[in-house]
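Single-structure report; data block below.
The values are calculated or read from the model by the stated rules, or taken from the named source; none is laboratory data. These numbers come from a predicted model, not from an experiment. FYI the Cβ positions are ideal-geometry reconstructions off the backbone, even for glycines, and counts take in every protein chain you see.
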Amino acid sequence: MTGPRRLRIALADDQALVLCGLKALLGGFEQLEVVAEADGGEALLHLMTKTTVDVVLSDIRMPGLDGFGLCERLRRIPGAPPVVLLTTFNDPDMALRAAEAGAGGFLLKDASPLELVAAIEEVARGRKVIAPISTDLLRTRYAYHDDEAPTGCFNKREVDILRLLAGGYTNREIGQAIHIAEGTVKNYLIDIFDKLGTRDRTRAVLKAITLKII
């Protein structure tokens, strides 16, 4: 009797030592199998036309097609696997850009092996794993003046939606998480964006964090 099917992993990183290290690390977990590896996004996309992949694990900063571009390209392909982005830089912009690009996961490279494997398994199930955004760092970097303050108060449901938005959730995923229709989420977002004075999801999250709404 055979065990459960192993998750098929594709790796992209332009640093050979990191690529070899990730392959060796993941190879130590019986539920995972590395089936493709490349030093850039374009090369990995080519390899993925020849083999089935469940989860892509990619560095963000690579020459040519970087991790963000890889996410955006895969997002346009029906049935494409989710991407977990890795970086050594604790930059809040990157977490927000990862969510905006459609990444299934975002982790710093100092995550433990068990954290990395757990993230891979979570995104394989269709869930989001975005590393916590450093709110102190965000508040230091971004500031808003009094005349940019929200035009109204936020109720608990709106705060919940903003928190999920910060985690990179889509409107559909937000609706599923708090048990409301996707159309209702869109209506809430219209009100939230109006109060914050922005129509941009990323800037709305930044402003909500810096103003300590979330």
> In the set Ile214, Ile174, Ile180, which member is out of contact with any Asp or Glu (no Cβ under 7 Å at 6 or more places or on another chain), part of a loop (DSSP other than H, G, I, E, B) and at pLDDT 80 or above?
Replying inline: Ile180
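Name every residue in segment 150-171 that is in a loop (DSSP other than H, G, I, E, B) and either modelled with pLDDT of 80 or more or exposed (fewer than 13 other Cβ atoms within 10 Å of the Cβ) (or both), in order of residue number. Don't jump to the end; show me each part of the working.
Of the residues in segment 150-171, the ones in a loop (DSSP other than H, G, I, E, B) are 150-155, 167-170.
Listed by number, the residues that qualify are Thr151, Gly152, Cys153, Phe154, Asn155, Thr170.
Among Val55, Val34, Val18, which is in contact with a helix residue (DSSP H, G or I) (Cβ under 9 Å, 6 or more places away or on another chain) and touching a residue at least 40 places away in the same chain (Cβ under 8 Å)? Steps first, please.
Values: Val34 fails: touching a residue at least 40 places away in the same chain (Cβ under 8 Å); Val18 fails: in contact with a helix residue (DSSP H, G or I) (Cβ under 9 Å, 6 or more places away or on another chain).
Only one candidate qualifies: Val55.
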> For segment 138-146, does any single residue satisfy the condition of being among the aliphatic types (A, V, I, L, M), within 28 Å of Val83 (Cβ to Cβ) and at pLDDT 85 or above?
Replying inline: no
> Ile77: of a type outside the set (D, E, K, R) and in contact with a Gly (Cβ under 8 Å, 6 or more places away or on another chain), yes or no?
Replying inline: no
> Can Thr202 be described as surrounded by fewer than 17 Cβ atoms within 10 Å (Cβ to Cβ) and among the hydroxyl-bearing types (Ser, Thr, Tyr)?
Replying inline: yes
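Could you say which residue among Ala177, Ala181 is over 20 Å from Leu96 (Cα atoms) and either of a type in the set (Asp, Glu) or surrounded by fewer than 18 Cβ atoms within 10 Å (Cβ to Cβ) (or both)?
Details: Ala177 fails: over 20 Å from Leu96 (Cα atoms).
The unique qualifying residue is Ala181.
Taking Gly41, is it in contact with a helix residue (DSSP H, G or I) (Cβ under 6 Å, 6 or more places away or on another chain) and touching a residue at least 24 places away in the same chain (Cβ under 8 Å)? Walk me through how you get there before you give the answer.
Numbers: in contact with a helix residue (DSSP H, G or I) (Cβ under 6 Å, 6 or more places away or on another chain): yes; touching a residue at least 24 places away in the same chain (Cβ under 8 Å): yes.
Yes, satisfied.
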